[in-house]
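To start, the structure under review is shown below, and the notes come after it.
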Amino acid sequence: MARRTVATNRKARHEYFIEKTFEAGIELQGSEVKSLRDANVSLNECYAQVQNMQAWVINMRISPYKHATNVEQPDPERRRRLLLKRREIEQIDRALKQKGYTLIPLSVYFNDRGLAKVEVGLCRGKRQYDKRDAIAERDMERDMERTRRDFERSR
């Protein structure tokens, strides 16, 4: 499946353990799709929540499309509805009621049919020592790869 990623939330993978991911459609207005195609979207400090059995993404900034002729542009930071199946929303809602879980948008992309999708992750926050362990592990893997590459070159 070909997908064209528009934006990713790299900080989320560092700050949270991602337990499960969901693919959700997103309800957009007017020229917001064109802004997405131009990659004028920011996932910094955004999150999602369930209210009245509907999923919403909050603080996702989609900048106004600069070539739009429409005088009324939608608010760049308005909350947008995520389009999920009822069972998925119920599953997410049950998990969010547990302590320490949150719903974080991980990436925005266009699928092979050209539809805008948001990958949201059901996440549990990392502690400071977990983050340090992840950094140390990544550094060790990098050093091992470098050593292996140098060994291969010297042969």
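With respect to ARG127, is the statement that it is loosely packed, with under 15 Cβ neighbours inside 10 Å, under 17 Å from ALA24 (Cα atoms) and not β-branched (Val, Ile, Thr) true? Outline the logic, then answer.
On the way: loosely packed, with under 15 Cβ neighbours inside 10 Å: yes; under 17 Å from ALA24 (Cα atoms): no; not β-branched (Val, Ile, Thr): yes.
For ARG127, the condition - loosely packed, with under 15 Cβ neighbours inside 10 Å, under 17 Å from ALA24 (Cα atoms) and not β-branched (Val, Ile, Thr) - is not met.
Whether any residue in the range 123-146 is within 18 Å of the chain's Cα centre (by Cα), of a type in the set (A, V, I, L, M) and in a helix (DSSP H, G or I) is what I want to check.
The initial filter retains those residues of the range 123-146 that are within 18 Å of the chain's Cα centre (by Cα), namely 123-126.
Adding the requirement that they be of a type in the set (A, V, I, L, M) leaves none.
Checked against the condition, which is being within 18 Å of the chain's Cα centre (by Cα), of a type in the set (A, V, I, L, M) and in a helix (DSSP H, G or I), the range 123-146 yields no hits at all.
Name the single residue, out of those in the range 73-110 being in contact (Cβ under 8 Å) with a residue 12 or more places away in the chain and loosely packed, with under 13 Cβ neighbours inside 10 Å, that is farthest from ARG37 (Cα to Cα). So that I can check it myself, show each step before the final result.
In the first step, residues of the range 73-110 are kept if they are in contact (Cβ under 8 Å) with a residue 12 or more places away in the chain; the result is 73-74, 76-77, 79-84, 86, 88-90, 92-93, 95-96, 100-110.
Next, from what is left, pick out any that are loosely packed, with under 13 Cβ neighbours inside 10 Å: 86, 100.
Values: ARG86: 28, GLY100: 34 Å.
If we take residues in the range 73-110 being in contact (Cβ under 8 Å) with a residue 12 or more places away in the chain and loosely packed, with under 13 Cβ neighbours inside 10 Å, then GLY100 is farthest from ARG37 (Cα to Cα).
Residue by residue, here is whether (1) within 17 Å of the chain's Cα centre (by Cα); (2) farther than 24 Å from ARG113 by Cα holds:
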| residue | (1), (2) |
| --- | --- |
| ASN9 | yes, no |
| ILE18 | yes, yes |
| GLN29 | no, no |
| LYS34 | no, no |
| GLU45 | yes, yes |
| ARG81 | yes, no |
| ALA95 | no, yes |
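For residues that are over 17 Å from ASP75 (Cα atoms) and in contact (Cβ under 8 Å) with a residue 24 or more places away in the chain, tally how many sit in the range 3-38.
Step one: filter the range 3-38 for residues over 17 Å from ASP75 (Cα atoms), giving 3-25, 37-38.
Now narrow it down to the ones that are in contact (Cβ under 8 Å) with a residue 24 or more places away in the chain: 3-9, 11-25, 37-38.
Counting residues in the range 3-38 that are over 17 Å from ASP75 (Cα atoms) and in contact (Cβ under 8 Å) with a residue 24 or more places away in the chain gives 24.
All but one of (1) part of a loop (DSSP other than H, G, I, E, B); (2) touching a residue at least 60 places away in the same chain (Cβ under 8 Å) hold for ARG113; state the number of the condition that does not hold.
Among (1) part of a loop (DSSP other than H, G, I, E, B); (2) touching a residue at least 60 places away in the same chain (Cβ under 8 Å), the lone unmet condition for ARG113 is (2).
For the range 67-77, state whether one or more residues are charged (D, E, K, R), modelled with pLDDT under 85 and touching a strand residue (DSSP E or B) at 6+ places or on another chain (Cβ under 6 Å).
yes
Return only the number of the condition from (1) modelled with pLDDT of 90 or more; (2) within 18 Å of GLN98 (Cβ to Cβ) that GLY25 does not satisfy.
Looking at each condition in turn, GLY25 falls short on (2).
The values are calculated or read from the model by the stated rules, or taken from the named source; none is laboratory data. Owing to the predicted nature of the structure, the values given are computational and were not obtained by experimental measurement. Backbone-built Cβ (ideal geometry, glycine too); neighbour counts: all protein chains shown.
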